[in-house]
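Asker: Below you'll find the structure I mean.
The values are calculated or read from the model by the stated rules, or taken from the named source; none is laboratory data. On a predicted model such as this, the values are computed, not experimentally measured, just so you know. Positions of Cβ are backbone-derived with ideal geometry, glycine not excepted, and every protein chain shown enters the neighbour counts. In case anyone asks, the SASA skips ligands and DNA or RNA and just uses the protein heavy atoms, side chains included. Shrake-Rupley method; radii C 1.70, N 1.55, O 1.52, S 1.80 Å.
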Amino acid sequence: MKKMMLFLLSCLCFSCAVNAVSVAGLPDAAKKPKCLIYPPLHVEVSGYGLITSTGAQTTVSWASSPGARTYTVYWSKTKGVTKKSNHIKAVSPYIHSGLVYGQAYYYRVSASDDFKESELSRQEVSSIAKVSTTVRRQIAPSAISIPTALRPFDISSFSACGYGLWSYKPGVPYTKRLDLMSSTYVSTAARNSVPLLHFFAMTDIHITDKESPAEAMFFGLTSSGIISAYSPAMLYTTHMLDGAVRAINGLHKEKPFDFGISLGDAANSTQYNELRWFIDVLDGKVIEPSSGKHAGADKWGYQKPYKAAGLDRQIPWYSTLGNHDHFWMGSFPRSSKTRSAAIGSKVLNIGDIFNSTLGTASTGYYMGAVDGRTEFGTPAGAGPVEMFASTPTVVADANRRELNRTEWMNEFRITSSSPTGHGFSTETIKAGFACYTFRPKEKAPVKVIVLDDTQADSDPSDGREGPDWGHGSLDKTRYDWLVKQLDDGQKAGVLMIIAAHIPIGVSEPGSPEGWSPLAYVTESALLAKLKTYPNLLMWIAGHRHLNTITPMPSPDPNRPELGFWVVETSSLREFPQEIRTFNIERNSDDTVSIYVTNVDPIVDDSLAAVGRANAIAASQIFNDWRTSPSNAELLKQLSPDMQSKIRNYANPRIR
């Protein structure tokens with residue numbers, strides 16, 4: 001957990017030496033010099049809901065005040081801490097324990113010498129919410145003592161067999177990464193910083209209509225299947241998103257976010273109702289997480305309607321297009337067959353799409369759907385066609401209709417949160433062009449370039465067997481647009497962040513998650529072009545469901561500023577189900593530090609806790625483990641021109 005630090009506007013001053021004594025050798029108040037002792041220069045308050053045996057706790061720490069012999073911590077549950085408030089003599093750091101979750105605690109600290117107590121320091125606050133970054137603690141799945149041959153949907157047996165259980169273990173501290181810096185750089189020289197930008201990113205939420213007849217559930221119903229086709233976590237995808245939103249809101253109270261962004265794959269398979277659930281959770285609406293006849297909505301938790309918390313209205317949020325948002329299961333173009341199945345009652349019949357060039361035109365297996373009438377969401381209607389006397393059916397629902405790019409983008413205009421469109425304008429929607437830029441803070445020299453790097457709907461297959469539309473790709477129009485935005489940002493003297501769904505430079509070219517061999521620009525050529533822009537800080541992405549950080553070093557050792565970072569964030573569906581926060585600061589040596597932090601959703605007292613347990617059980621059954629949290633301070637060298645410009649942005653504050 002990163003400490004919240006605020007600079008006190010007190011003068012940096014030393015207290016006078018008090019050495020006047022009376023004839024008797026005792027201090028003489030009448031002869032005491034007219035001078036003051038000053039409060040600590042800065043006070044740090046941290047406490048994101050650290051769980052202890054006595055409740056929550058906050059840590060209050062401060063720098064020494066010259067001449068001080070003792071310190072007093074004053075605190076209150078309301079604003080306006082005075083010397084009449086609760087107080088205690090303490091040394092730094094002071095741990096204030098036994099606190100109540102959901103309660104804000106306000107603190108001020110004074111310093112005293114032998115004669116006088118200083119004024120109080122600036123007031124700091126710690127809101128004790130049930131949220132903790134993975135710097136403080138991380139989720140530790142419990143080991144299975146006696147492995148049992150469970151199927152992924154044997155949910156009723158998970159707990160009894162030791163699946164899906166977890167505890168907490170110590171967190172992952174920040175690792176200082178100097179991969180992009182010159183070999184002569186000394187990081188200890190940087191002591192001061194100025195905050196530039198604070199934002200969060202979430203990705204691959206995969207909101208799933210589990211009762212849809214048109215998804216690919218059959219391919220994940222055995223332990224030898226694939227976790228992305230079926231996971232018991234899909235019963236709680238809206239609940240997990242709600243838990244992430246509540247965590248974000250808690251962190252926002254501690255240190256306000258400038259914005260948030262979703263990096264794609266909001267929906268699992270481009271359905272209208274999946275996307276609406278995503279937007280409506282963020283808008284804080286009542287969520288009906290079921291479809292068709294809404295079977296079990298009056299009985300089973302995973303089906304019951306609930307009121308989402310909603311993202312704090314002070315936080316603007318933006319969105320990025322992912323491959324699952326406009327391709328069937330993120331892997332094949334929508335077809336008349338998948339469109340009809342989505343809004344119809346007959347369960348989709350598809351063949352072995354992993355070993356065929358026919359794609360969704362193949363036949364042989366009914367995909368199945370969750371039966372909402374069952375307590376644990378048991379799948380039904382899935383298996384080889386010959387096992388069924390007739391096609392299995394569900395209750396049809398027009399809200400399951402598939403969306404194309406334009407329709408998907410337009411839904412973001414129907415929202416009660418800001419900004420309207422969440423990045424997509426009426427012009428870009430009309431053109432079906434899911435790229436845009438924005439400046440998060442009016443005066444901060446930072447520009448975000450939101451890039452659609454998914455394949456085009458019209459892309460042909462490359463002729464190989466298996467899913468073929470999940471690659472990264474840019475056509476000429478999008479590539480030219482990206483180059484122009486980078487040129488404009490470099491000329492304007494602003495730092496730049498590319499936000500896209502698919503990362504670059506991290507997968508083998510042509511691999512299922514890698515760069516498309518049919519793209520207008522090759523991955524190597526794109527990387528070479530990006531390394532000509534010294535103001536490019538990083539490329540942030542999702543897609544692979546991993547928490548990884550990859551340096552893209554400069555091709556010229558004498559110009560380290562040409563390197564940039566690729567930062568990926570895990571999915572909210574597969575364990576570890578985390579989001580990321582980014583805190584960008586300017587250092588006193590005119591470098592930039594990017595603090596990247598993984599955060600777990602709040603799951604206490606909600607069905608999201610069941611979603612976490614199911615996700616852990618799925619990883620145990622499939623033996624499919626994604627990367628653990630990766631918290632780091634990423635250093636970036638700036639060009640001489642950018643150093644000069646950014647030096648004038650605010651004044652350094654003592655860290």
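Asker: Any idea what the dipole of the stretch 65-180 comes to, in debye rounded to 20, about its Cα centre with Lys/Arg Cβ at +1 and Asp/Glu Cβ at -1?
Answerer: Here the size comes out at about 180 debye.
Asker: If you don't mind, there's one more thing I want to ask. Could you name the aspartates and glutamates whose alpha carbon sits less than 18 Å from that of residue 645, not counting residues in the same chain fewer than 8 places away?
Answerer: 442, 487, 488, 561, 585, 589, 590
Asker: Please report the antiparallel percentage of DSSP beta bridges with both residues in the chain, rounded to the nearest 5.
Answerer: Around 75 percent of the beta bridges assigned by DSSP in the chain are antiparallel ones.
Asker: Further question on the same structure: Give me the angle, in degrees from 0 to 90, between the Cα long axis of helix 237-254 and the longest principal axis of the Cα atoms of the chain, rounded to the nearest 10.
Answerer: For helix 237-254, the angle is close to 20 degrees.
Asker: Oh, and also: Can you bin the chain into rounded, prolate or oblate? Criterion: square roots of the alpha carbon gyration tensor eigenvalues sorted a ≥ b ≥ c, rounded for a/c under 1.5, prolate for a/b above b/c, oblate for the rest.
Answerer: prolate
Asker: If you average the sequence gap of Cα pairs under 8 Å that are 6 or more apart and divide by the length of the chain, what percent do you get for the contact order?
Answerer: Relative contact order of the chain: 16 percent.
Asker: Here's a follow-up. Arrange the residues 69, 586, 401, 626 by how much accessible surface each exposes, largest first, with a 1.4 angstrom probe.
Answerer: Per-residue accessible area, sorted high to low, gives 69, 401, 626, 586.
Asker: Quick one: Cα centre-to-centre distance for the stretch 509-528 and the stretch 127-167, in angstrom?
Answerer: 37 Å
Asker: While we're looking at this one, here's another question. Could you tell me how many cubic angstrom of Cα convex hull volume the stretch 166-300 has per residue? Display every interim value, and only then the final one.
Answerer: Details: hull volume 29.0 nm³, N = 135.
In the stretch 166-300, the Cα convex hull volume per residue is 215 Å³.
Asker: Let me ask you something else. I'd like the Karplus ³J(HN,Hα) series for the stretch 384-392: coefficients 6.51, -1.76, 1.60, θ = phi - 60°, whole numbers in Hz, and an x wherever there's a Gly or Pro.
Answerer: Running phi through 6.51 cos²θ - 1.76 cosθ + 1.60 with θ = phi - 60° gives x, 4, 5, 7, 10, 6, 8, 5, x Hz.
Asker: While we're on this one: Quantify, in whole percent, the carbon and sulfur part of the accessible surface of the chain (1.4 Å probe; protein heavy atoms only).
Answerer: That fraction is 53 percent.
Asker: So, by mean Cβ neighbours within 10 angstrom, what's the order for 89-95, 264-270 with the highest one leading? All intermediate terms of the calculation are to be shown ahead of the outcome.
Answerer: Working: 89-95: 13.4, 264-270: 27.9.
Ranking, from highest mean packing down: 264-270, 89-95.
Asker: Classify the stretch 548-655 as rounded, prolate or oblate from the Cα gyration tensor: take a ≥ b ≥ c as the square roots of its eigenvalues, call it rounded if a/c is under 1.5, otherwise prolate when a/b beats b/c and oblate if not.
Answerer: Here the stretch 548-655 falls in the oblate category.
Asker: Let me have the 222 nm mean residue ellipticity of the chain computed from DSSP H runs of 4+ only, each contributing -39500 (n - 2.57), with the sum over all residues rounded to the nearest 500.
Answerer: -4500 deg cm²/dmol
Asker: Moving on. At 1.4 Å probe size, put 221, 495 in order of accessible surface, largest to smallest.
Answerer: 221, 495
Asker: Still on this model: Going through the cross-link list 430/484; 210/337; 476/636; 79/447, which pairs have a Cα-Cα distance over 27 Å in this structure? Show your work: numbers first, answer last.
Answerer: Values: 430/484 21 Å; 210/337 19 Å; 476/636 30 Å; 79/447 36 Å.
Correct reply: 476/636; 79/447.
Asker: Follow-up. Aspartates and glutamates near residue 83 by alpha-carbon distance under 20 Å, same-chain residues fewer than 8 away left out - which ones?
Answerer: 44, 113, 114, 117, 119, 124
Asker: Give me the lysines in straight-line cross-link reach of residue 77: C-alpha distance below 23 Å, same-chain residues under 8 apart excluded.
Answerer: 2, 3, 89, 130, 253, 255
Asker: Moving on to the next point. Which whole-Hz ³J(HN,Hα) couplings does the stretch 488-500 yield from phi under the Karplus relation 6.51 cos²θ - 1.76 cosθ + 1.60, θ = phi - 60°, glycine and proline marked x?
Answerer: The phi angles translate into 5, x, 5, 5, 6, x, 10, 6, 10, 10, 9, 10, 9 Hz.
Asker: Work out from phi, with θ = phi - 60° and the Karplus expression 6.51 cos²θ - 1.76 cosθ + 1.60, the ³J(HN,Hα) of each residue of the stretch 165-173, listed in order in whole Hz, and give x for Gly and Pro.
Answerer: Listing the rounded values in order: 8, 8, 9, 10, 9, x, x, 10, x Hz.
Asker: Just how large is the dipole of the chain about the Cα centre, in debye to the nearest 20, putting +1 at every Lys and Arg Cβ and -1 at every Asp and Glu Cβ?
Answerer: On the way: 66 positive and 62 negative charges, 565 e Å.
Result for the chain is approximately 2720 debye, rounded to the nearest 20.
Asker: I'd like the chymotrypsin sites (Phe, Trp or Tyr not before Pro) in the stretch 574-655 restricted to DSSP loop residues with at most 15 other Cβ atoms within 10 Å, sorted by number.
Answerer: Loop-located and lightly packed - 625, 649.
Asker: Skip the ligands, DNA and RNA, and give the accessible area per residue of the stretch 510-619 with a 1.4 Å probe, whole Å².
Answerer: On a per-residue basis, 24 Å².
Asker: Hey, can you rank 499-506, 388-395 by average C-beta count inside 10 Å, highest first?
Answerer: By packing density, highest mean first, the sequence is 499-506, 388-395.
Asker: Hand me the GluC sites (Glu not before Pro) from the stretch 333-418 located in a DSSP loop with no more than 16 other Cβ atoms within 10 Å, in residue order please.
Answerer: Within the stretch 333-418, the qualifying GluC sites (Glu not before Pro) (loop, at most 16 other Cβ atoms within 10 Å) are 375.
Asker: Right, here's the next one. Please tell me the relative contact order of the stretch 115-269 in percent, rounded to the nearest whole number, where contacts are Cα pairs under 8 Å and at least six residues apart.
Answerer: Computed value for the stretch 115-269: 30 percent relative contact order.
Asker: Also, I was wondering about something else. For 166, 62, give the ranking by accessible area with the largest first, probe 1.4 Å.
Answerer: Highest to lowest solvent-accessible surface, that is 166, 62.
Asker: Provide the descending list of Cα extents for the stretch 310-399 along its principal axes, expressed in whole angstroms.
Answerer: If we take the Cα atoms of the stretch 310-399, the spans are 56, 37, 22 Å.
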